[in-house]
Amino acid sequence: DCHGPDFAGREQPPALTGFGFMDKWNRNTVRKLFETVEQMPPDQPKTLTPQQYVDVLGYMLSVNGFPAGPTPLASDRPALARIEIRNVRPQK
């Protein structure tokens, strides 16, 4: 609820979708996003399993229009570090 029902963010919590999300995460890795999400909620960090955090990441990426990859995301940090978030406009 901190980020709002549309994930657009509120006063302090950042946006999880749209331009705010892309501006913050463009050219970062999914591993860095995973490690940030792991710290949520701030008063109870790391209370989910690694797979549950990966599920949250998958949902966030899907909501932002990223296509699914050939294999499901895994909580393997080195593998997540090889996936870069890119704000690239589709070519016409």
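The values are calculated or read from the model by the stated rules, or taken from the named source; none is laboratory data. Small disclaimer: the values here were computed from a predicted structure and weren't measured. Cβ atoms come from the backbone with ideal geometry, glycine included; neighbour counts cover every protein chain shown. Note: accessible area is taken over every heavy atom of the protein model, side chains too, but ligands, DNA and RNA are not part of it. Shrake-Rupley method; radii C 1.70, N 1.55, O 1.52, S 1.80 Å.
Annotations
- Boolean, residue 11 is surrounded by 15 or more Cβ atoms within 10 Å (Cβ to Cβ) and modelled with pLDDT under 95: no
- Residue-level check: of (1) open to solvent by 60 Å² or more (accessible area, probe 1.4 Å); (2) modelled with pLDDT of 90 or more, residue 73 misses just (1).
- Scanning segment 32-62 for residues that are part of a helix (DSSP H, G or I), open to solvent by 60 Å² or more (accessible area, probe 1.4 Å) and either touching a Pro at 6+ places or on another chain (Cβ under 8 Å) or small (Gly, Ala, Ser) (or both) turns up just one, 62.
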